[in-house]
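Working notes for the structure below.
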Amino acid sequence: MKLVEQKDTAWQYHLAQNEADILIGLLNKFPFTKIDPVKISETDKDPKAKEREKLLNESLAEHRKDLKMQAMNLIRPEKFKRQEKGLLMTLSLDERETLLQILNDIRVGCWRALGEPEELHTEAPKTSAKEQVYRNLMDLAGYFECSLIVT
């Protein structure tokens, strides 16, 4: 994935066919992980703390639902134009930001599903198939994040 052109209103990226297939697959199957309930504080004894946590968790769930809908918008056929060698993807500034959010959600969600390890790329003895999937998803999302950020 390579930045081809950056304008005031749009960013255009060239993707090889296999890159486009992987990106579309990531967005199509998003989200990969569940959202764990968030605790605002372990020590807050304020009776309203539970209500704040409930509102926060509802807001996070709604945000993720919205991201899923936006992910589907990003893989509409008109977003990709076939070229001689691959595809040209055009994103508005907002769509680029949304794509970065989705890719970050994939990376952070997978990292949390792996138990929030401090070292990600050390040889883990007996890595399960599910853990390897999460590691691969993190790497793929990271690849696309870097491609979007590095100009």
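Run down the lysines and flag those whose C-alpha is under 20 Å from the C-alpha of residue 81, throwing out any fewer than 8 positions away in its chain. Filter leaves 2, 7. Protection proxy ranking of 62-69, 47-54, 106-113, 24-31, by the mean of other Cβ atoms within 10 Å over each peptide's residues and highest first, is 106-113, 24-31, 62-69, 47-54. Neighbour counting of Cβ atoms within 10 Å sorts the residues 143, 134, fewest neighbours leading, into 143, 134. Placing +1 on the Cβ of every Lys and Arg and -1 on the Cβ of every Asp and Glu, with no other charges, gives segment 2-149 a dipole of roughly 460 debye about its Cα centre. When shorter helices are ignored and each DSSP H run of at least 4 residues is given -39500 (n - 2.57), the per-residue value for the chain at 222 nm works out to -19000 deg cm²/dmol.
Taking the three principal axes of the alpha carbon atoms in segment 2-149, the coordinate ranges are 61, 41, 22 Å, sorted in descending order.
Values quoted throughout were computed directly from the atomic coordinates according to the rules given, and no laboratory measurement underlies them. Worth saying up front: this structure is predicted, and the values here are computed from it rather than measured. Glycine gets a Cβ as well: all are built from the backbone with ideal geometry, and neighbour counts include every protein chain shown.
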